[in-house]
1. Out of all the residues in the range B:246-260, is one or more open to solvent by less than 50 Å² (accessible area, probe 1.4 Å), at pLDDT 85 or above, touching a Gly at 6+ places or on another chain (Cβ under 7 Å) and not small (Gly, Ala, Ser)?
2. Which residues, counting only those in the range A:170-187, are more than 20 Å from residue A:228 (Cβ to Cβ), open to solvent by less than 40 Å² (accessible area, probe 1.4 Å) and either of a type outside the set (Val, Ile, Thr) or touching a Pro at 6+ places or on another chain (Cβ under 7 Å) (or both)?
3. Across the range A:193-213, what is the number of residues that are in a loop (DSSP other than H, G, I, E, B) and in contact (Cβ under 8 Å) with a residue 12 or more places away in the chain?
4. Hey, among A:194, A:155, which residue is open to solvent by less than 20 Å² (accessible area, probe 1.4 Å) and closer than 21 Å to residue A:119 by Cβ?
5. Which pairs have Cβ atoms under 8 Å, sit 6 or more apart or on different chains, and link a residue in the range A:13-41 that is more than 7 Å from every other protein chain (Cβ to nearest Cβ) and under 21 Å from residue A:162 (Cα atoms) to one that is open to solvent by 10 Å² or more (accessible area, probe 1.4 Å) and among the β-branched types (Val, Ile, Thr)?
6. Considering the range A:417-431 alone, what residues qualify as being at pLDDT 90 or above and on the phi < 0 side of the Ramachandran plot?
7. Restricting the range A:247-264 to residues that are open to solvent by less than 10 Å² (accessible area, probe 1.4 Å) and in contact (Cβ under 8 Å) with a residue 60 or more places away in the chain, which is nearest to the other protein chains (Cβ to nearest Cβ)?
8. So, in the range A:309-338, how many residues would count as being within 13 Å of chain B (Cβ to nearest Cβ), open to solvent by less than 20 Å² (accessible area, probe 1.4 Å) and out of contact with any Lys or Arg (no Cβ under 7 Å at 6 or more places or on another chain)?
Amino acid sequence: MAHAQNDLLATDIEAYLEQHEHKSMLRFITCGSVDDGKSTLIGRLLYDSKLVFEDHLAALESDSKKVGTQGGELDFALLVDGLAAEREQGITIDVAYRFFSTERRKFIVADTPGHEQYTRNMVTGASTAEVAVILIDARKGVLTQTRRHSYLVSLLGIRHVLLAINKLDLVDYSEEVFHRIEAEYRAFAAEIGLEHIVCVPLSALKGDNVTELSPNTPWYDGPTLIGYLETVEVERDLDEKPFRMPVQWVNRPDLDFRGFSGEVVGGTVHPGDRVRILPSGRESDVTRIVTADGDLDEAVTGQSVTICLADEVDVSRGDVLAAAQSPAGVADQFEAHIVWMAEEEMLPGRPYLLKLGTRTVTATVAQPKYKVNVNTLEHTAARTLELNEIGVCNISLDRPVPFDAYVDNRDMGGFILIDRFTNATVAAGLLHFALRRADNVHWQALEVDKGARAALNGQRPALLWFTGLSGAGKSTIANIVEQKLHEQGRHTYLLDGDNVRHGLNKDLGFTDADRVENIRRVAEVAKLMVDAGLIVLASFISPFRSERRMARDLLDDGEFVEVFVDSGLDVAESRDRKGLYAKARRGELVNFTGIDSPYEEPEHPEIHLDASGSVSAEDAADQVIEHLRQAGFIAPLAGDI
Amino acid sequence: MASLTHLQRLEAESIQIFREAVSESEKPVMLYSVGKDSSVMLHLAMKAFYPSVPPFPLLHVDTTWKFQAMYEFRDRTAQKLGIELLVHQNPDCIQKGINPFDHGSAVHTDMWKTEGLKQALEKWGFDLAFGGARRDEEKSRAKERVFSIRSAQHRWDPKSQRPELWRLYNARKQPGESVRVFPLSNWTELDVWQYIHREQIEIVPLYFAAPRPVVERDGTLIMVDDDRMPVEPDEITMRSVRFRTLGCYPLTGAIESEADTLTGIIQEMLLTTSSERQGRVIDHDSTGSMEKKKQEGYF
C-alpha cells in the first residue's frame, strides 16, 4: 500500500500533498474484547500505515519482551493500551481515539472496551462513529457480547457494520467456520435492524486480509478490512435530509453585520433559501453564507458557517435554523432511550439539565417504562436506571425545544443529561418522538384565579417549607406556627410525613428514588393548595437540595419560603423520641438521614432557625410569623393583592 | 458537491469547538505557545469568529528561555491580527533565577510552566483555556477529552472527566474549577503540516533549516541562542539544523537537516521515522510521565 506512495513522496512532494489534502475522513468504532484481538488489530493498522515511529517501535520491542503475550514477538496490543492504571490491570478502561491514514482516507478510531460494565464507553465511542468494526473470535463464534455490541451499534444509529471474524489462523482458515458464523450473525443482525453488513475473514496477528487479500483464504473474494474502510460510502444520506443548523453564537462585530454561527448538522443551504427559526416559528431568507475564506454558494452537512438573514428577526444561541418547507418539530415532552452513565442512579422526578444541540433546559425524567437487557434484548420493569443501564422513559422539559427523532438526525435528537449540582454528565439520551399530551394538556384560564382567592382570604398565599433532620423539631414548630396563624384568622394547611405517607404516598419507601418522588408529590399538592390561596406549611426532612429547588421552581417567585430547622445532628440524635436514630445506629434502619444517607443543608434559606435548644419552639415560631409579616404575606396592606 | 475532505472536516470540528467553548464560559483565554500547533489553533480561531475578532486574549506563559525568534514572532503576530496578548512570567522563578542548567529540566518546567500557568489563570480569573494539545502526541493523551475539567487546584482527575457524546460538550463547572479545551484533539502531526501548507499559515522560521550555532549535549543538538548558556571554548559549531518542536532553547533538540521549505519539511518528516515528542527532553523521564505531569497541572 505504502510503497508506491513513498516513491511519489520522494520524487514529487507537491503532487503527493495535493493528493493527500483531498482525502476524505471516516470515523469508526471497534468493538470486542482484548481476547478478540482488538488491540492487536488496531496496533497493526497503525503499524501498517507507517504511523509507528522508530522510537515507539523501540519501546514496543522492549515492552513485547517484558510484558508481551506473543512470546517475545511484536505485541501490537502494547501500542494502544494507554493509561498506567489500565496497563497494570491489562484491560482498556476508557474510550481512546487513534488515528491513521491511507492514501484515500484519514481514519479516527474510537477504541472501546468490550466488557459488560463499559456500556457507557461504547455508547460514547459509537456516538461519533459512522462505521462499526465488530470483532469475533472464530473459535468462539457469536457470543453474548457480540449481540450486546451489535445492539448498541444499532441503537446509536450506525448503519454500516464490518464483522471481522478474527483469529482465522487458529481454525486453519476454515471456510466452513467463516460461513457458519456469518450466517448466524446475519440472522441476528436482521432481527435488530442492522442492514449493511460485510463479513471479512481475518487474522489481525498474522495480517491476513487486513490490507491485502490473503492466500490463506482463496475462497474469499470480498474486500479486505482496509479496502472496505477506504471505500464505504456513509456521508451522502445526511446531505439529502432537510437543512438544520443549531445556532451556537450570534456574530455581531459591529452595527452593520449580524450573522448566526453554527455547524450545519443536516441538509444543505444556499443564499435565497427560506428558513424557519425554531422554536419561535418566524421565517426569513438566507442572504449570505459567510466564512473567513469568502461567501459560499452552498453549505453542506458538517461545515461550520455564519448565516445572515434578510429580516431583523430575533435569533439567539439555542435556536435552530431549519428548512422552511420541512422544519424540525418543537415540543416539551418526549419518549426517549436513556443510557445511564453515572455511579449515582437516576432519580425519576428530579430535575436535571438537558443539553440538545446548543440549547440547555431543565428536564425531569419519569420512571422508566422498561429497561433493556443489553445481552438478551429483553424488556424488564424498572423503577430507576443504574450505571450502564438502558431504558425507555418519558421526559418532560421546562420549555419547548426544536428536535428531530434520533433515527432521522443524530445531532437533532441526541442529548445529554447533566446533574445540576455536580455538573457531571450523567446520561445520554436518544429522542424517539414528542408526546401528544404536550399539545393536549392546556391549563384552563379560570376566571377565579389565585389572586382572587387570596384576596378573599385577606392573605398572600405561600408555601413554608420546613426542612431539617429527623428530631430537629420541624413539626413542633410548624404546628405552633399554624396555630398562631389560625388564631389570626388565616387560612392554612399543614402537610407532613404523617398525613401524606399514610395516604397519597403510602406506596413509597425510603430509597433515594422514593424520597425524590415523595417530595415531588408533596410539592405538587402544595402548589395546588397555594393556588387555592392557602398558606401551606410543609414539614419534611427533604434532605436533597435539588428536590427543595424543584419545589421552589414549581411556585411563583417569592411564594416559597424555606425554613431551615437547624439543630445539629448531635442534638437531633439525643432527642430521638421515636428511637429511630438508635435503630439506624444498630443498622436496623437503612437510608436514615444523617446516619447513612446525607442531609444537604440549605445554602440560602429564607429563615434559619436555631433549634439546638437555646431558643424555645414558641420563640422560633414567632420568628416565622414575623418573617411572614415583614415579607407582606399576612400584613393586610392595601393594594398588596 | 463533493464530500468534505479530512482537513475541511477537522477545520469545521475545531471551529464548532471554539464557538461552543466561548458560548459556555465567562472568561476564556487561548494559551499561545508560539509553536506550529499554536499557529494553527490561532488561525482556526480567526476563522471561527470571522468577521469578528476572537472574543478572548492570547496568553503566553513565558519562561524567559524561549528562542529569540519566538518572541519576535509572538509580538508581531499579535499585533498583525489585532488580538490582545498577555504575557506571564512566574515572579518566584525570576526571583530565584530558575534555569534549566542549574535546576534541571524537571524543576525548570514545573516552576515556570506548570506553576506559571496556574498563577496566570488565577491572576486574570480565566475559567476556560484553549490549548493546542493533540491526542496523537502521546499514548496517555489518546483518552483526553476535548473539554477537560480541572479542579480549583488545577489538577486533572481521571475520574471526574465527563463522557463526550456527539458534538455535545458539557462545560459546566463549580466555582473555582476551570476547563481546558483542545480544539486540535483529532488532528495528527501530519494534518497540522498539511493544513499549514494548504492555508499558507506563517510559522516561526526555526522550523526551517538554516546554519545555526549548536553544541552537542547527551547526543542532542542544542542551539546556543544567547550568552546565558555555559559553553566550552570552541564547543560551538555552525550546522544546518531545524526544529520539530519549539520550547525553551536549552531543552529543545535540533535535527540536522537541509529542508528550508515547507514542502521540504513535510517530505523529510514523512520519510523519517522519529516521533515528534522525542525532541522534548521532558518525556524521557519515565513511561507514563506525561500522565503524571497532567495530573499535576502541566498542560
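The values are calculated or read from the model by the stated rules, or taken from the named source; none is laboratory data. Here the structure is a predicted model, which means the values were calculated and not measured. Backbone-built Cβ (ideal geometry, glycine too); neighbour counts: all protein chains shown. All accessible areas refer to the heavy atoms of the entire protein, side chains included, with ligands and DNA or RNA removed. Shrake-Rupley method; radii C 1.70, N 1.55, O 1.52, S 1.80 Å.
1. Of the range B:246-260, the ones open to solvent by less than 50 Å² (accessible area, probe 1.4 Å) are B:246-254, B:257, B:259.
Next, only the ones that are at pLDDT 85 or above stay: B:246-254, B:257, B:259.
Still in the list and also touching a Gly at 6+ places or on another chain (Cβ under 7 Å): B:246, B:252-253.
Checking which are not small (Gly, Ala, Ser) leaves us with B:246, B:252.
Yes, the conditions are met somewhere in the range B:246-260.
2. Within the range A:170-187, the subset more than 20 Å from residue A:228 (Cβ to Cβ) is A:170-172, A:174, A:176-177, A:180, A:184, A:187.
Next, only the ones that are open to solvent by less than 40 Å² (accessible area, probe 1.4 Å) stay: A:171, A:174, A:177.
Answer for the range A:170-187, where residues must be more than 20 Å from residue A:228 (Cβ to Cβ), open to solvent by less than 40 Å² (accessible area, probe 1.4 Å) and either of a type outside the set (Val, Ile, Thr) or touching a Pro at 6+ places or on another chain (Cβ under 7 Å) (or both): just A:174.
3. Applying the first criterion (in a loop (DSSP other than H, G, I, E, B)) to the range A:193-213 yields A:193-195, A:202, A:204-207, A:209-213.
Still in the running and in contact (Cβ under 8 Å) with a residue 12 or more places away in the chain: A:193-195, A:202, A:204-207, A:209-212.
The total comes to 12.
4. Values: A:155 fails: open to solvent by less than 20 Å² (accessible area, probe 1.4 Å).
Every option except A:194 fails the conditions.
5. A:26/A:232; A:26/A:234; A:27/A:128; A:34/A:91
6. Looking only at the range A:417-431, we keep the residues that are at pLDDT 90 or above, and these are A:417-419, A:423-431.
Across the range A:417-431, the qualifying residues are A:417, A:418, A:419, A:424, A:425, A:426, A:427, A:428, A:429, A:430, A:431.
7. Of the range A:247-264, the ones open to solvent by less than 10 Å² (accessible area, probe 1.4 Å) are A:247-248, A:251, A:259-262, A:264.
Restricting the remaining residues to those that are in contact (Cβ under 8 Å) with a residue 60 or more places away in the chain gives A:247-248, A:260, A:262.
Working: A:247: 10, A:248: 4, A:260: 11, A:262: 7 Å.
It comes out as A:248.
8. The first filter runs over the range A:309-338 and keeps only residues within 13 Å of chain B (Cβ to nearest Cβ), leaving A:316-319, A:337-338.
Cutting the leftovers down to open to solvent by less than 20 Å² (accessible area, probe 1.4 Å) gives us A:318-319, A:338.
From what is left, the residues that are out of contact with any Lys or Arg (no Cβ under 7 Å at 6 or more places or on another chain) are A:319, A:338.
Residues meeting the conditions: 2.
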